[in-house]
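Visitor: Sharing a structure here in structure tokens format.
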Amino acid sequence: MTTPTTTNIRRWLERIQADPDTARKELVFLAYRRVRLLTAKILNADFWRLHGRTDEAVDASMDRLLQALEKVTPNDPRHFFRIAAQHIRFALLDIVRLEDRDGPLGRVRMNGAESSDSNPRVEPEARGPGPATEVQHAERLSHLQELVKLVEELPAEVREVVEYLVLMGHPQWETAELLGVPITTVQYRWRTAKAMLAVRARQQLPDLFDDA
């Protein structure tokens, strides 16, 4: 997946005093591309075929990020990533809320479907690779909503690793450089985060957590 690289972030932060409007918009655009790619993966959709509700949620969240950058100028890439990760979490939660209201998640709730195991519309072969069924899609979004909220409750140093690896898409070595710690520390915090989330969610973590 495309990630907002540290080099690009640092370049635009250096230009923010000379050309604040352009620099802020470029910083937001880097976060925008990342959240679009994350959303496409979460919804099992093509990057360019996300529906209007999703676009609205992403755009609204990125508008809030732009407003935040107008109020606070990040000191360095780490500061920017911390702000951006918060707004990416907001975008993901907004997408789930919209799906809950208007999409498959809402329809599944209205139909009283609690799981794909109990719904006759889900064929066994639908459990394999490929587009998710409506019920599976709804369950995936509901699980994501729970995980995003649980991430916010993690200890700060553990949450920051999750934000870099999952939300921002950085490799472990770059995360270690950004945090100023050995890569073994990042790996330990990542294992800790996954263990804590798996226990609290009482479910297997989605494949979104396999990329880091």
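Visitor: Sticking with the crude label model, points 7 Å out along Cα→Cβ, report the distance from Glu26 to Glu153 in nm, one decimal please.
Guide: Label at Glu26, label at Glu153, 4.1 nm between them.
Visitor: Something else about it: What does the highest-first list of 144-154, 74-84, 15-25 look like by mean Cβ count within 10 Å?
Guide: Details: 144-154: 16.8, 74-84: 18.5, 15-25: 13.9.
Result, highest mean first: 74-84, 144-154, 15-25.
Visitor: Below 23 Å, Cα to Cα, which lysines can Lys25 reach? Residues fewer than 8 away in the same chain don't count.
Guide: The reachable lysines, counting only those whose Cα sits under 23 Å from Lys25, are Lys71.
Laboratory data are not the source of any read-out in this text; all were calculated from the coordinates shown. These numbers come from a predicted model, not from an experiment. When we count neighbours, we look across all protein chains shown, and the Cβ atoms used for this are built from the backbone with ideal geometry, even at glycine.
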